[in-house]
Amino acid sequence: MPTNVDRYFSYDHLPLPLQAVSKPIADLQELMEKLLPDGPEKSAGMRKLLEAKDCLVRAALTN
């Protein structure tokens, strides 16, 4: 079963400068979802990637 955090990587609703930060991370999430076998490490990695995406988008807001 694939992880179910993919919906949190959407970026179309963001302003263009924030999309530029979020899209490469969403692309990586999609690639990892396809490449890696399902399991607890993949789930943990996806959660950490989501956390990193949130931090990086917030960092872009401070500019």
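The numbers here are math on the coordinates, done by the rules we state, and not lab data. The structure displayed is predicted, hence computed values, not measured ones. All Cβ positions, even for glycine, are placed from backbone atoms using ideal geometry, and neighbour counts span all protein chains on display.
Annotations
- Condition check for residue 5: in contact with a helix residue (DSSP H, G or I) (Cβ under 6 Å, 6 or more places away or on another chain) and either touching a residue at least 40 places away in the same chain (Cβ under 8 Å) or exposed (fewer than 14 other Cβ atoms within 10 Å of the Cβ) (or both): yes
- Of all positions in region 20-38, at least one carries a residue that is touching a Phe, Trp or Tyr at 6+ places or on another chain (Cβ under 8 Å) and hydroxyl-bearing (Ser, Thr, Tyr).
- Within region 37-51, the set of residues being at negative phi and surrounded by fewer than 12 Cβ atoms within 10 Å (Cβ to Cβ) comprises 37, 38, 40, 41, 44, 48, 51.
- When residue 61 is tested against (1) in contact (Cβ under 8 Å) with a residue 40 or more places away in the chain; (2) surrounded by 12 or more Cβ atoms within 10 Å (Cβ to Cβ), exactly one condition is not met: (2).
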